[in-house]
1. Can you go through Val70, Val50, Val44 and tell me which one is over 22 Å from Pro131 (Cα atoms), aliphatic (A, V, I, L, M) and either touching a strand residue (DSSP E or B) at 6+ places or on another chain (Cβ under 7 Å) or in contact (Cβ under 8 Å) with a residue 60 or more places away in the chain (or both)?
2. Hey, Val53 hits all of (1) of a type outside the set (D, E, K, R); (2) at pLDDT 95 or above; (3) out of contact with any helix residue (DSSP H, G or I) (no Cβ under 9 Å at 6 or more places or on another chain) but one; which does it fall short on?
3. Mind listing whichever residues of segment 12-40 are part of a loop (DSSP other than H, G, I, E, B) and either surrounded by fewer than 23 Cβ atoms within 10 Å (Cβ to Cβ) or touching a Leu at 6+ places or on another chain (Cβ under 6 Å) (or both)?
4. Looking at (1) within 9 Å of the chain's Cα centre (by Cα); (2) over 14 Å from Phe73 (Cα atoms), which one does Phe9 not meet, given that it meets all the others?
5. For segment 41-63, which positions are small (Gly, Ala, Ser) and either assigned to a helix (DSSP H, G or I) or buried (at least 18 other Cβ atoms within 10 Å of the Cβ) (or both)?
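The values are calculated or read from the model by the stated rules, or taken from the named source; none is laboratory data. Small disclaimer: the values here were computed from a predicted structure and weren't measured. Every residue, glycine as well, gets a Cβ built from its backbone with ideal geometry; the counts of neighbours run over all protein chains shown.
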Amino acid sequence: MVQESTEFFIDANIPIYAAGRDSEFKDACLALLDHGAAGRLRLVSSVEIVQEVVYHYSHTGRLEQGLQIVQDFLTALPLVLPLELVDVYAMLELLKDHPGVPPRDALHYAVMEHNGITHIITADRHCAALPGIICLDPREAVRLLDLSEIQPGEGAGRPPESE
């Protein structure tokens, strides 16, 4: 059971799906970010996640859109965690123990562990193999948390649609 005080680490694919074209994840990602912005859900992320979102849009020639999406994403997060040297060392240890986990994801899990966060909401499945990490698909998170639709204007300004 999830407690009201539970913090959920938000992966980069959540704001990207929320801002993207219609997909199996879009509505759930929008609901999660809207509830976070309205203070109904404790969402956190890291500076590395913010960088990933900006990089994704910059790399695809849509930097201006990416900057706006990050601004909207930040309204849903009361906390953006820093990256510390201890996290880098923990990432290296994770990679030794779990060589199939992508290094970027191992860094996210190390930041989570360092900050006592056990839940991550992501469309990726790499975290399923890691002990101590509760990996939630965005649709699963919406169902588990019984998130009702939020009324327009209550949450974050919805990100602009991607083309």
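1. Selected residue: Val50, the only one of Val70, Val50, Val44 that is over 22 Å from Pro131 (Cα atoms), aliphatic (A, V, I, L, M) and either touching a strand residue (DSSP E or B) at 6+ places or on another chain (Cβ under 7 Å) or in contact (Cβ under 8 Å) with a residue 60 or more places away in the chain (or both).
2. (3)
3. Listed by number, the residues that qualify are Gly20, Arg21, Asp22, Ser23, Glu24, Phe25, Ala38, Gly39, Arg40.
4. In the conditions (1) within 9 Å of the chain's Cα centre (by Cα); (2) over 14 Å from Phe73 (Cα atoms), Phe9 misses (2) alone.
5. Of everything in segment 41-63, those that are small (Gly, Ala, Ser) and either assigned to a helix (DSSP H, G or I) or buried (at least 18 other Cβ atoms within 10 Å of the Cβ) (or both) turn out to be Ser45, Ser46, Ser58.
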